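Worksheet for the structure shown next.
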Amino acid sequence: MRYYTRRLLHTIFLIFGVSVLSFLFMELAPGEFFDEMRLNPQISPETVVALRHQYGLDKPLAVRYVRWVQSVFKGEFGFSFAYNRPVAPLLMSRARNTLLLTLTATLFAWLIGIPWGVWIAVRKGKWPDHFSTVVVTGLVSVPDLLLALVALLVAMRTGWFPVGGMVSLGSSEWGPAHKVEDVASHLFCPALVLFLGSLPTIIRHARTAMLGVLDSGFVRAAQAHGISSRRLLFRHALPAAAGPLISLVGISVGTLLSASLLVEAIMGWPGIGPLLLEAILARDLYLVVGAVIFSTAFLVAGNLVADALLYRIDPRIRGE
Amino acid sequence: MALADKSASARHASDARPVPFLTPKRQAPTGTGPAQRAGKLWLALIPLAAVHSLVMFAGFFAPEDYAEQDRTLPLAPPSRLHFVDPHGRFHVVPFVYRIVPPPARPGDYLEDQSRVFPIGILVRGTPYRVAGIFTSRRHLFGVEAPAKIFLLGRDEYGRDQLSRLLYGGRVSLFAGLLAAVLSVTTGALLGACAGFYGGWLDGALMRFSELFLALPWLYLLLAVRAFLPLRVSPSEALLLAITIVGLVGWARPARLVRGVVLSARGRSYVLAARGFGASDFYLIRRHVLPETFGVVLTQAALLAPQYILAEVTLSFFGLGVGEPVPSWGNMLTSLLRYYVLSQCWWMLSPGLALIGVSLLYYLLTSLLQERLRIGQL
C-alpha cells in the first residue's frame with residue numbers, strides 16, 4: 001500500500017511540475033491571443049484592454065497560476081479564448097476519442113505482437129525469425145506520418161473505408177447498432193496506422209524477453225519433465241517474461257500518444273491532436289496547456305498502471 | 001524440441017566475445033568477434049556519408065534552384081528518358097523532349113517531339129553557392145533550354161521536385177543531426193555532473209528530467225513550439241527547430257549517461273586516481289567521460305533519425321521551416337490535398353527518402369550496439 005501511495009504522490013508531483021513549467025514557458029512566450037485583435041482597426045485598444053482584464057491576462061504570473069489551479073479544481077482547466085468556453089469540456093470529448101483510437105490500436109497490437117514475438121523467439125535463427133526481422137525493421141523505418149498518408153491514399157483510392165471525422169453525415173438519426181458500425185468503419189484506418197506503428201516494438205521486445213527466459217534453467221528442467229511445448233511456452237515461460245513487457249506498456253504510451261496526434265491530424269480524427277494544433281496556431285494558450293496536461297496525465301496513468309501490475313506480478317519489487 | 005539448447009549455446013558464444021571498445025589502445029581485437037564486425041560498420045557509414053554529401057552539395061547535384069518556378073508546368077510528371085527518336089534513330093545518350101502544356105486541358109502534358117534534347121553532364125545552369133563561399137554554375141546534369149529535365153516531376157508551383165528533395169534533405173538531415181549532437185551533448189554534460197557529484201544536484205536534475213520524460217514527445221515538442229513566435233524567417237525557423245528538438249530531448253541521454261557515470265565513479269582506478277590527488281575535472285575528463293563514449297555515440301545514432309522525423313513533423317504542420325525553403329516536412333504537406341495524394345506519386349519522394357535514411361540510421365545503431373556491446377536502449 002505504501003508503494004502505491006508513493007507512486008501516486010510522485011505522479012501528482014509530476015503533473016504539478018509540468019503545469020508550472022508550462023506556465024513559465026507561457027510567460028516567456030512573445031505574443032498572445034489578443035495580438036490579432038490589436039491589429040484589427042475595428043476593435044478599439046480599450047476593448048482589448050478590457051478583454052485582457054476580463055480574462056485576467058493583465059495579472060502577474062503567480063496570480064494567473066493560482067487562478068488556473070482554482071479553475072482546475074472547479075473542473076474547468078482555464079478558459080479557451082478561441083472557443084469562448086472552459087477548456088475541460090472541450091478536451092474531455094476529444095480525449096474520449098483519442099482513447100478510443102489508441103486503446104483499439106494497442107489492444108490489437110498486443111494481441112498479435114506478443115504471440116508473434118514468442119513464435120519467432122522459439123524459432124530463433126530460422127526463416128520465421130529472419131522474415132520477421134525484415135518486417136520489423138521495415139515497419140520501424142517507415143515514419144507514422146508516411147504510414148498515415150499511404151493509408152489515406154489507399155482508403156481514398158479504393159473507397160473501402162471512409163476517411164475523415166469519426167461519424168458519417170446524418171448518423172445521429174441512425175439506430176445504435178448502425179452508429180457503432182459507422183464509428184468502427186471510421187476507426188479502421190487511423191487504428192490500422194497506429195497498430196502498424198506500434199507492432200514492431202512489441203514484437204521485438206516480446207522476442208528479447210522470451211529469449212532471455214528460454215535460456216534459463218527452469219525451462220530446461222520443465223522440458224526434461226516432458227511438459228508440452230505449448231504449455232511450457234504460454235504457462236511457464238511467458239509469465240516469467242512478463243516483466244519487461246509490462247514496463248513496455250508504460251514506456252510505449254508516450255510514443256503511442258505522439259503517433260496518435262499525427263494520425264489524428266492527418267486523418268481528421270477528432271482527438272486531442274488536431275485541437276492542440278489549432279490552439280497553437282490561434283495562440284490559445286490555456287487550451288495548449290490543457291492539452292499538454294491531459295497528455296501528461298495519460299502517460300503517467302499508463303506508467304502507474306504498468307508499475308502497479310509489475311508490483312503485483314514481480315515479487316522482487318515487493319521485496320525492495 | 002531443442003529450443004533452449006539452441007539459444008543457450010548462442011548466449012555462450014556471445015559471452016565468449018572479448019569486451020570491445022572503439023579506442024584501439026583499450027583492447028586488441030582477438031579471435032573472431034569484433035575484428036570482423038569492425039568492417040560491417042562501414043555498411044551503414046558509407047551510404048550515410050554519401051547521402052549527406054549528396055544533400056550538402058545539393059546545388060551541384062540538383063539541376064535547378066529550389067525556388068525556381070515554372071508556372072506552366074504545375075505537377076508535371078517526371079520527364080521520360082528516350083533513346084529512340086521519332087525517325088527511328090537510336091541515341092546512345094538518353095534525351096528528353098520539351099514538355100508543353102496543352103492550353104485547353106490543364107494538368108495534362110504533351111511532349112514536343114520536333115527536337116531532341118540530349119542530357120549533358122557538367123552543364124552550365126543557374127548559379128548556386130558552394131559552402132557559402134564561392135559561386136558556381138556547373139550542375140551534374142541538365143539539358144539545354146528551353147527544355148527542362150525533372151526526374152522526379154514538379155510540384156504545384158512547377159518547381160523541380162528532385163532539386164527540392166536534395167535541398168530539403170539538407171535542411172532535414174542536418175537539422176536532425178545537429179539536434180542530436182546538441183541534445184546528446186547537453187544530456188551527457190548534465191548526466192555526467194549528476195552522476196559524478198550526486199547529492200542534491202543529482203536529485204534535482206533527475207526530478208527535472210522526469211518532467212520532460214512525462215510528456216509524450218510530440219506534445220512536448222508542439223507545446224514548446226506553441227510558446228514561441230509563429231511567424232519567423234526560414235533561417236530562424238531552422239535554428240528554432242534544431243534548438244527546440246535538441247533541447248527537448250536532453251533527458252534520456254542524460255539519464256543513460258548518469259547511469260554509466262555512477263558505475264564508473266566507483267571503479268577502483270578512479271578511486272586510486274582520486275587518492276593521488278586528481279582534480280574533479282581531471283577525473284571526469286580522463287576516466288569518467290571516456291566510459292560514456294559508447295552510450296553517447298549510440299544515443300546520437302539512435303536520436304538522429306528521430307530528430308529528423310521531429311523536424312519533418314514540425315515543418316509538416318507548418319510550425320518549422322516554411323516556404324519557399326524546402327524541408328522534407330513541408331514538401332509532404334501538399335499531399336494533404338486529395339488530388340496530389342492520389343495522382344502524383346512523385347510527391348511522395350521525400351517520404352521514401354525518409355524511409356531510406358531511417359533504415360540506414362537503424363542499421364548504424366544496431367551495428368554500434370553490437371560492436372560496443374550495449375544492450376538495446
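No lab work stands behind these numbers, since they all come straight from the coordinates. Quick caveat, the model's predicted, so the values are computed rather than measured. Positions of Cβ are generated from backbone atoms using ideal geometry, with glycine treated the same way; all protein chains shown enter the neighbour counts.
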Could you give the distance between the Cα centres of the range B:247-289 and the range B:165-235, to the whole Å? 22 Å
Grab the other residues whose beta carbon is less than 15 angstrom from that of B:A204, score K and R as +1, D and E as -1, and report the net. +1
Check: the range A:207-320 dipole with +1 on Lys, Arg Cβ and -1 on Asp, Glu Cβ, in debye: 680 debye
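Check every DSSP H run in chain A and write down those whose alpha carbon atoms cover 27 angstrom or more along the long axis and whose mean Kyte-Doolittle hydropathy is 0.0 or greater.
A:2-28, A:87-122, A:176-214, A:242-267, A:285-313
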Using eta = 1.002 mPa s and T = 20 °C, Stokes-Einstein with Kirkwood Rh from Cα pairs puts D for the range A:97-272, in µm² s⁻¹, at 120 µm²/s
Residues whose placed amide H lies under 5 Å from that of A:D284, excluding near-sequence neighbours: none
Out of A:A279, A:A88, A:A221, a Gaussian network model of chain A with alpha-carbon springs under 10 Å gives the largest mean-square fluctuation to A:A221
So if I take the centroid of the Cα atoms in the range A:126-160 and the same for the range B:105-152, what is the distance between those two points in Å? 35 Å
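I need B:Y197, A:Y286 ordered by Cβ neighbour count within 10 Å, fewest first. Don't skip to the answer; put the middle values down first.
Details: B:Y197 15, A:Y286 24.
Lowest count first: B:Y197, A:Y286.
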Would you please report the Å³ per residue occupied by the convex hull of the alpha carbon atoms in the range B:157-270? 129 Å³
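Counting Lys +1, Arg +1, Asp -1, Glu -1, what net charge surrounds B:T243 among other residues with beta carbon under 14 Å of its beta carbon?
Values: positive: B:R225; negative: B:E236, B:E311.
Spelling it out: positives minus negatives among the neighbours equals -1.
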Calculate, for B:R231 and A:Q54, the FRET efficiency according to 1/(1 + (r/R0)^6) with r their C-beta to C-beta distance and R0 30 Å; round to the nearest 0.05. 0.65
Which value results for Rg/Rh of chain B when Rg is the Cα radius of gyration and Rh the Kirkwood radius based on the inverse mean 1/r? 1.08
Ascending count of other beta-carbon atoms within 10 Å, so fewest first, for B:R255, A:R312: A:R312, B:R255
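How much mean residue ellipticity at 222 nm does chain A get from its helices, if each DSSP H run of length 4 or more adds -39500 (n - 2.57) and you divide by all residues, to the nearest 500 deg cm²/dmol?
Here the helix-only value at 222 nm equals -25500 deg cm²/dmol.
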Computed Rg/Rh of the range B:262-377, alpha carbon atoms with Kirkwood Rh: 1.25
Computed over chain A, Cα set: Rg, Dmax in Å: 24.2, 87
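Using the Cα centre of chain A as the reference point, and only Cβ charges (+1 on K/R, -1 on D/E), how large is the resulting charge dipole? Debye, rounded to the nearest 20. The partial results should precede the final answer.
Working: 27 positive and 19 negative charges, 295 e Å.
Using only the charged Cβ atoms, the result is roughly 1420 debye.
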Classified through the alpha carbon gyration tensor (a ≥ b ≥ c as square roots of its eigenvalues; rounded if a/c is under 1.5, else prolate when a/b is larger than b/c, else oblate), the range B:79-149 comes out oblate
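Which number do you get for Rg(Cα) / (2.2 N^0.38 Å) in the range B:131-213? Show your work: numbers first, answer last.
On the way: Rg = 23.2 Å, N = 83, 2.2 N^0.38 = 11.8 Å.
Cα-based Rg divided by the globular estimate yields 1.97.
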Could you tell me which residue out of A:G226, A:I313, A:L257 lies farthest along the dipole of the range A:215-320 toward its positive end? Charges go on the beta carbon: Lys and Arg +1, Asp and Glu -1, centred on the Cα centre. A:G226
Where does each of A:W110, B:W42 land when they are ranked from fewest to most other beta-carbon atoms within 10 angstrom? B:W42, A:W110
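Roughly how many debye, to the nearest 20, is the charge dipole of the range B:163-373 about its Cα centre, given +1 on each Lys and Arg Cβ, -1 on each Asp and Glu Cβ, and no other charges? The partial results should precede the final answer.
Working: 16 positive and 8 negative charges, 72 e Å.
Once rounded to the nearest 20, the dipole reads 340 debye.
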Toward the positive end of the charge dipole of chain B, about the Cα centre and with charges on Cβ (Lys, Arg +1; Asp, Glu -1), which of B:A147, B:L256, B:P77 goes farthest? B:L256
Can you tell me the Rg and Dmax of the range A:192-311, counting just the alpha carbons, in angstroms? 19.8, 67
Net charge near B:I99 (other residues with Cβ under 9 Å of its Cβ; Lys, Arg +1; Asp, Glu -1) is 0
Just the number, please: Stokes-Einstein D of the range B:163-373 in µm²/s, Kirkwood Rh from C-alpha pairs, 20 °C, 1.002 mPa s. 115 µm²/s
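Compute and list, largest first, the equivalent-ellipsoid semi-axes of the protein assembly as shown from the alpha carbon gyration tensor, each √(5λ) rounded to a whole angstrom. Don't jump to the answer; show the numbers that get you there.
On the way: eigenvalues 362, 266, 172 Å².
Values for the protein assembly as shown, descending: 43, 36, 29 Å.
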Cut-off under 5 Å, modelled amide H: who pairs with A:F77 long-range: A:V72, A:A88
Expressed in nanometres to one decimal, the distance between label points 7 Å along Cα→Cβ at B:R274 and B:R337 is 6.4 nm
If each DSSP helix of 4+ residues adds -39,500 (n - 2.57) and the sum is divided by the residues in chain B, what number results at 222 nm, nearest 500 deg cm²/dmol? -18000 deg cm²/dmol
